[in-house]
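Input: a single structure, listed below in structure tokens.
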Amino acid sequence: MKIAVTGHTSGLGKAIYNHFPDSVGMSRSTGFDIRDERYHHKFLEQVKDCDVFINCAQDHFGQTEILFYIAHYWKGKIINIGSQARNSILSGYGELCNPYSVEKKALELANARLFLNGVDSTIINFGDLENLDEQREGEKLPFSYCIEVIEWVLKQPHRVQQLDIEPKQR
């Protein structure tokens, strides 16, 4: 199975890229900027011979924009890496909203709309991952477990719209 993954040079994207031997990586550092619509065709060129597109890179609303672009021009399995932070629109720190949370909520809503229109698109909303700041309390999800969840989705005979995965609380 050939997999294309955005954000392949760090964090979960790098772990996914390294796990799948026949994968194609796309990151800003390699000339793929999800926020720049002028380069979206470059993503399509990389994805066209792949079976799966894993939308992992997050940069403002670029993750949602590239989702719509890929879903429009390419027919294959899409997995979007969301976040449990999408439920934390209000930051609690005196700000009106948490921009990251709004961006991840937009991704979730885009995935739902595409799924309802027949696109084979899944969003996996992970909780805190192992690469988060050590000062944040609580357990973190290991990248290896996140990859197991992705593999589970890929093995399903039917479309999966959404999964919400949180680490165990102590």
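The values are calculated or read from the model by the stated rules, or taken from the named source; none is laboratory data. All figures in this text were calculated on a predicted structure; none of them were measured in a lab. Positions of Cβ are backbone-derived with ideal geometry, glycine not excepted, and every protein chain shown enters the neighbour counts. Quick note on the areas: whole protein, heavy atoms, side chains included, nothing else; ligands and nucleic acids left out. Shrake-Rupley method; radii C 1.70, N 1.55, O 1.52, S 1.80 Å.
Results, tabulated for the structure shown:
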quantity: Residue among 31, 13, 25, 62 that is touching a residue at least 40 places away in the same chain (Cβ under 8 Å) and either out of contact with any Leu (no Cβ under 9 Å at 6 or more places or on another chain) or within 17 Å of residue 120 (Cβ to Cβ) (or both); calculated: 13
quantity: Every residue from the stretch 52-69 that is part of a helix (DSSP H, G or I) and open to solvent by 10 Å² or more (accessible area, probe 1.4 Å); calculated: 64, 65, 68, 69
quantity: Looking only at the stretch 149-170, and only at residues there that are part of a strand (DSSP E or B) and either within 19 Å of residue 77 (Cα to Cα) or open to solvent by 80 Å² or more (accessible area, probe 1.4 Å) (or both), the one that is modelled with the highest pLDDT; calculated: 162
quantity: Breaking point among (1) at pLDDT below 90; (2) surrounded by fewer than 17 Cβ atoms within 10 Å (Cβ to Cβ); (3) in a helix (DSSP H, G or I), for residue 86; calculated: (2)
quantity: Qualifying positions in the stretch 11-51 - of a type in the set (Gly, Ala, Ser) and either open to solvent by 90 Å² or more (accessible area, probe 1.4 Å) or at pLDDT 90 or above (or both); calculated: 13, 15, 23, 25, 27, 29
quantity: Counted residues, the stretch 1-10 - those being of a type in the set (A, V, I, L, M, F, W, C) and either surrounded by fewer than 20 Cβ atoms within 10 Å (Cβ to Cβ) or part of a helix (DSSP H, G or I) (or both); calculated: 1
quantity: Options 54, 79, 66: the member that is at pLDDT 90 or above, in contact with a Cys (Cβ under 9 Å, 6 or more places away or on another chain), within 15 Å of residue 8 (Cβ to Cβ) and not small (Gly, Ala, Ser); calculated: 79
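This table checks each residue for (1) of a type in the set (A, V, I, L, M); (2) at pLDDT 95 or above; (3) outside any loop (DSSP other than H, G, I, E, B); (4) in contact with a strand residue (DSSP E or B) (Cβ under 9 Å, 6 or more places away or on another chain).
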position: 71; (1), (2), (3), (4): yes, yes, yes, yes
position: 104; (1), (2), (3), (4): no, no, yes, yes
position: 122; (1), (2), (3), (4): no, yes, yes, yes
position: 125; (1), (2), (3), (4): no, no, yes, yes
position: 132; (1), (2), (3), (4): yes, no, no, no
